[in-house]
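Chemist: Handing you a structure now.
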C-alpha cells in the first residue's frame with residue numbers, strides 16, 4: 001500500500017501540493033523527507049510524538065527520514081501559534097537540547113540499516129550565513145505582501161510581529177533548500193499550523209533548482225473540543241520519564257475523553273484500523289477497556305513494555321473497578337513524609353511509618369522514599385504503599 005493511503009486512512013493528512021505527483025513518487029521510489037523539531041526544551045513532548053509516528057510509517061514504507069533540529073531557527077523563534085515572542089536561548093542550551101532529542105528519537109525510528117534516519121542541525125548552515133548574500137540569493141524570491149497573508153503572521157499582527165520573527169519563514173524555506181541539495185530531500189512534513197512555512201520551502205526549491213518539491217501537512221493532535229492535547233495542570237506531557245513519569249504518562253491516556261479514544265488510536269498507535277473499530281465500537285463502560293489498551297500501547301512505545309506493565313498494574317491497583325483514585329487530605333502544616341503517612345492513615349503510628357520507609361515500602365510518584373523526614377512535594381501528589389495502596393494526597 002502507498003504510504004499516503006495509510007496516512008489518509010488513519011486521519012493524518014490535511015494539505016498537500018502536487019498531490020497526484022507526490023502519490024506516484026512515493027509509490028515508485030524511496031523519497032528522502034524531513035520534519036523539523038525546535039529544541040525549545042530538553043525533552044520531546046506528546047505533540048512531537050505524533051510526528052515520530054508519522055516518520056516511522058514513512059520509514060517502514062521505504063522512505064528516508066531526515067530529522068532536522070532547529071538549533072539555528074530556535075535562536076529566532078517560530079511565531080506560528082504564538083501571541084507573544086518566544087524567549088531566545090543560548091547556543092549552549094540549544095546544543096544540550098539537541099543531544100536529549102537524539103537519545104529519545106532512537107526509540108522510534110532507525111538510525112542504522114536500510115533507509116537509516118539522519119539527524120541534522122540547521123545551526124550548521126544558518127549561523128554562518130552572510131546576511132547580504134542571503135537576502136540577494138533567497139530574500140528576492142519572497143513577496144512581503146504574500147507573507148503577511150500567512151496565518152502564522154496574521155495572528156501576531158495585532159500584538160506586534162518583530163522583524164526577527166519575520167525572518168523565520170525564509171530560514172525554514174532555506175532549510176528545505178539546503179536539505180534538497182545535500183540529501184536529495186524533496187518532501188517536508190509537519191503539523192498543519194506549519195503550512196505556510198512548508199509551502200514556502202517547496203516553492204523556493206522549484207524556483208531556485210527547477211526541480212519538484214512537495215509539502216504535506218498533518219492533523220494537529222487536538223481534543224474533540226479543538227484544544228491541543230498533551231497538557232495537564234502540571235504542564236506538558238513529556239516523553240522524558242524524569243519530567244513525566246511512566247505512571248503519569250499512562251494515567252494521562254487512561255483518562256482520555258470517550259470521544260477522543262478512537263482518534264488517539266489512529267494517530268498515535270500502530271494498532272490495525274479494524275481492531276481499533278472493534279475496541280471503540282461502544283460509548284458505554286466498555287470504552288474503558290479501549291482506554292486501558294491505548295494507555296498501555298503508548299506507554300510501552302515511549303518507556304518500554306516493562307514500565308508500561310508496571311504503570312498499568314499500579315493504575316489498576318489505585319483505581320480499581322470504580323475508576324477513581326482514593327484521595328486523602330493532609331493539613332497545610334504537614335511538612336514531611338513521617339507526618340503525612342500518619343495523617344493519611346497509611347501508617348497507624350510514627351513507628352509503623354518509620355518501618356515502612358526503612359523497608360522500602362513507600363514511594364511518592366516514581367521516587368522511592370528513603371528518608372522518613374524528607375520534605376513533601378508542593379501541590380497534590382500520588383502516594384504508593386507497596387503494590388496495593390495508592391492515594392492521591394491533597395492539602396486541605
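Chemist: Within region 171-186, can one find any residue that is assigned to a loop (DSSP other than H, G, I, E, B), in contact with a helix residue (DSSP H, G or I) (Cβ under 9 Å, 6 or more places away or on another chain) and either modelled with pLDDT of 80 or more or exposed (fewer than 15 other Cβ atoms within 10 Å of the Cβ) (or both)? Write out each step before concluding.
Modeler: From region 171-186, those assigned to a loop (DSSP other than H, G, I, E, B) are 184-186; that's our starting set.
So of that shortlist, the ones also in contact with a helix residue (DSSP H, G or I) (Cβ under 9 Å, 6 or more places away or on another chain) come out as 185-186.
Checking the rest, the ones that are also either modelled with pLDDT of 80 or more or exposed (fewer than 15 other Cβ atoms within 10 Å of the Cβ) (or both) come to 185-186.
Taking every residue of region 171-186 in turn, at least one turns out to be assigned to a loop (DSSP other than H, G, I, E, B), in contact with a helix residue (DSSP H, G or I) (Cβ under 9 Å, 6 or more places away or on another chain) and either modelled with pLDDT of 80 or more or exposed (fewer than 15 other Cβ atoms within 10 Å of the Cβ) (or both).
Chemist: Out of all the residues in region 263-294, which are touching a residue at least 24 places away in the same chain (Cβ under 8 Å), part of a helix (DSSP H, G or I), within 22 Å of residue 55 (Cα to Cα) and out of contact with any strand residue (DSSP E or B) (no Cβ under 9 Å at 6 or more places or on another chain)?
Modeler: 264, 265, 266, 268, 273, 294
Chemist: Restricting attention to region 176-213, report how many residues are free of Cβ contacts under 8 Å to residues at least 12 places away in the same chain and within 17 Å of residue 19 (Cα to Cα).
Modeler: Summing the residues that are free of Cβ contacts under 8 Å to residues at least 12 places away in the same chain and within 17 Å of residue 19 (Cα to Cα) in region 176-213 gives 1.
Chemist: For region 289-307, does any single residue satisfy the condition of being surrounded by fewer than 13 Cβ atoms within 10 Å (Cβ to Cβ) and modelled with pLDDT under 90? Break it down into steps so the answer makes sense when it comes.
Modeler: Our first condition is that a residue be surrounded by fewer than 13 Cβ atoms within 10 Å (Cβ to Cβ); within region 289-307, this holds for 289, 305-306.
Among the residues that remain, those that are also modelled with pLDDT under 90 are: none.
No, region 289-307 contains no residue that is surrounded by fewer than 13 Cβ atoms within 10 Å (Cβ to Cβ) and modelled with pLDDT under 90.
Chemist: Just for region 5-36: of the residues that are without any contact (Cβ under 8 Å) to a residue 24 or more places away in the chain and closer than 27 Å to residue 265 by Cβ, which one is surrounded by the most Cβ atoms within 10 Å (Cβ to Cβ)?
Modeler: Within region 5-36, the subset without any contact (Cβ under 8 Å) to a residue 24 or more places away in the chain is 5, 8, 19-20, 23-24, 28-29.
So of that shortlist, the ones also closer than 27 Å to residue 265 by Cβ come out as 5, 8, 19, 23.
On the way: 5: 14, 8: 13, 19: 13, 23: 17.
That would be 23.
Chemist: Go through region 335-358 and report how many residues are over 13 Å from residue 374 (Cα atoms), part of a helix (DSSP H, G or I) and in contact with a strand residue (DSSP E or B) (Cβ under 6 Å, 6 or more places away or on another chain).
Modeler: Qualifying residue count, region 335-358: 2.
Chemist: I need the full set of residues from region 315-344 which are at pLDDT 70 or above, buried (at least 17 other Cβ atoms within 10 Å of the Cβ) and under 30 Å from residue 286 (Cβ atoms), in order please.
Modeler: Within region 315-344, just 315 meets the criteria.
Chemist: Would you be able to say whether some residue in region 87-94 is over 27 Å from residue 13 (Cβ atoms), touching a strand residue (DSSP E or B) at 6+ places or on another chain (Cβ under 9 Å) and at pLDDT below 80? Please lay out each step first, then the result.
Modeler: Initially, region 87-94 is screened for residues over 27 Å from residue 13 (Cβ atoms), giving 87-94.
Retained after the next criterion (residues that are touching a strand residue (DSSP E or B) at 6+ places or on another chain (Cβ under 9 Å)): 94.
So of that shortlist, the ones also at pLDDT below 80 come out as 94.
For region 87-94, residues over 27 Å from residue 13 (Cβ atoms), touching a strand residue (DSSP E or B) at 6+ places or on another chain (Cβ under 9 Å) and at pLDDT below 80: present.
Chemist: Can you tell me which residue in region 227-239 is nearest to residue 106 (Cα to Cα), limited to those that are in a loop (DSSP other than H, G, I, E, B) and touching a helix residue (DSSP H, G or I) at 6+ places or on another chain (Cβ under 7 Å)? Lay out the reasoning, then the answer.
Modeler: Filtering region 227-239 for residues in a loop (DSSP other than H, G, I, E, B) gives 227, 229-230, 233-234, 237, 239.
Of the ones still in play, those that are also touching a helix residue (DSSP H, G or I) at 6+ places or on another chain (Cβ under 7 Å) are 229-230, 237, 239.
Working: 229: 23, 230: 21, 237: 19, 239: 12 Å.
Looking at residues that are in a loop (DSSP other than H, G, I, E, B) and touching a helix residue (DSSP H, G or I) at 6+ places or on another chain (Cβ under 7 Å), I get 239.
The values are calculated or read from the model by the stated rules, or taken from the named source; none is laboratory data. These numbers were taken from a predicted model, which means no experiment stands behind them. Cβ: placed from backbone, ideal geometry, glycine included. Neighbour counts: every protein chain shown.
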